[in-house]
Amino acid sequence: MPICYNIPGFRLGSLSDSVIELRTVYDGGNSQDQLCGIGTRYNANENCTLEFEAPADMHPPILIHYELTNFYQNHRTYAFSRDDFQLTGRTSGQDEISAQDCGILNKLGNITLNPCGLIANTFFNDIFVLRPGARDINGNELVMVEEGISWTTDLEYRFAMPDGYQQKECEVCDASCCQDYGFSCKTPAISKQDKKCYAYDYPFDNTTQYLYETYPKIISPLEHVTNEHFVVWMRVATRPQFRKLYGYIEQTIPKGTRFRFDINLNYVVQSFGGTKALIISTNTIVGGKNPYIGPTFYYMGFFSLFCGVFFATKHWFRPRKIADRKYLHYKEE
């Protein structure tokens with residue numbers, strides 16, 4: 001049974017003010033943004049650490065976002081550069097429109113990109129890891145959860161493993177497992193869910209570059225396009241400055257706690273004049289920190305009140321009779 005909330009404007013402002021938001025820009029074109037700058041070195045594979053301190057008790061859910069600026073995911077060419085049939089499992093028989101949409105990132109020579117297109121192949125590939133050591137209010141170590149960050153409907157209906165994909169559990173977790181099953185894998189992979197070892201087989205593996213081969217540090221071959229970080233990225237943003245959810249913490253962080261994030265740096269932003277930021281934020285019933293939401297309701301309320309007074313005054317001095325025939329016109333009358 002859904003719960004409806006009737007929140008007055010002044011309460012919206014106080015809710016926004018109660019949000020704790022810690023934000024650090026760690027890479028960009030300006031010198032002050034170069035805490036962890038990699039310039040134009042794509043896939044630099046460099047490491048950096050950012051430290052945060054809780055200014056007050058931070059109550060769950062505590063959301064971890066990355067933020068990009070000056071990145072126009074809403075550009076028509078970019079937003080349409082994808083093959084939705086491919087993302088739901090199709091591995092052959094690409095139609096002409098999908099091939100056109102993917103453009104130059106459909107194939108690399110004779111190698112087919114799966115998935116193709118600009119969105120998939122500009123995937124944000126910096127990696128954030130919460131460093132062990134920081135503890136919650138009960139003395140338990142803080143844990144960043146990276147599951148449940150995408151829309152359930154996306155995972156169920158919009159992304160799927162390739163048609164013909166197979167995986168089988170290994171008794172011995174080495175290359176012999178792949179050979180025994182005659183699968184395309186060179187070595188098996190460990191599942192993030194059950195921590196078991198699986199051999200996997202992708203169709204047309206000799207002529208196709210799959211997502212786990214493009215981003216081997218982030219995408220497991222057992223996930224392909226169902227990796228939740230990838231699913232979040234594929235839902236394009238409407239503005240050039242946007243945040244995307246990376247993970248969340250379901251524990252209370254006490255005031256004064258210092259916690260660190262280790263970042264593996266790979267994503268270049270200087271090429272398009274943008275910046276990267278890491279944001280840790282608490283949440284409320286109306287979302288994160290938004291200093292404009294309360295005043296917006298006030299302004300709209302005052303505007304509506306002004307319109308009401310204006311039209312009431314006009315009607316008082318110059319009333320219009322209801323059903324007055326002089327306002328009706330029929331054909332040549």
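Against the test of being free of Cβ contacts under 8 Å to residues at least 24 places away in the same chain, of a type in the set (Lys, Arg), open to solvent by 70 Å² or more (accessible area, probe 1.4 Å) and on the phi < 0 side of the Ramachandran plot, the options Lys186, Lys196, Lys168 yield a single qualifying residue, Lys186.
Would you call Asn227 closer than 30 Å to Asp163 by Cα and crowded, with 19+ Cβ neighbours inside 10 Å? Yes: the conditions hold for Asn227.
Any residue at all in segment 185-193 that's assigned to a helix (DSSP H, G or I) and modelled with pLDDT of 95 or more? Looking for residues that are assigned to a helix (DSSP H, G or I) and modelled with pLDDT of 95 or more, one finds none in segment 185-193, hence no. Within the option set Glu147, Glu171, Glu156, Glu141, being in contact with a strand residue (DSSP E or B) (Cβ under 7 Å, 6 or more places away or on another chain) and among the acidic types (Asp, Glu) holds for one residue only, Glu141. For segment 138-156, the criterion of a residue being surrounded by fewer than 18 Cβ atoms within 10 Å (Cβ to Cβ), in a strand (DSSP E or B), in contact (Cβ under 8 Å) with a residue 60 or more places away in the chain and aliphatic (A, V, I, L, M) is satisfied by at least one position.
Per the listing Phe80, Phe71, Phe52, the residue uniquely free of Cβ contacts under 8 Å to residues at least 60 places away in the same chain and of a type in the set (A, V, I, L, M, F, W, C) is Phe80. Taken over segment 200-246, the criterion of being out of contact with any Phe, Trp or Tyr (no Cβ under 7 Å at 6 or more places or on another chain) and of a type in the set (Gly, Ala, Ser) is satisfied by Ala237 alone.
The values are calculated or read from the model by the stated rules, or taken from the named source; none is laboratory data. These numbers come from a predicted model, not from an experiment. Because the Cβ atoms are built from the backbone with ideal geometry, glycine has one as well, and the counts that use them run over all protein chains shown. Keep in mind that these areas ignore ligands, DNA and RNA; they rest on the heavy atoms of the full protein, side chains included. Shrake-Rupley method; radii C 1.70, N 1.55, O 1.52, S 1.80 Å.
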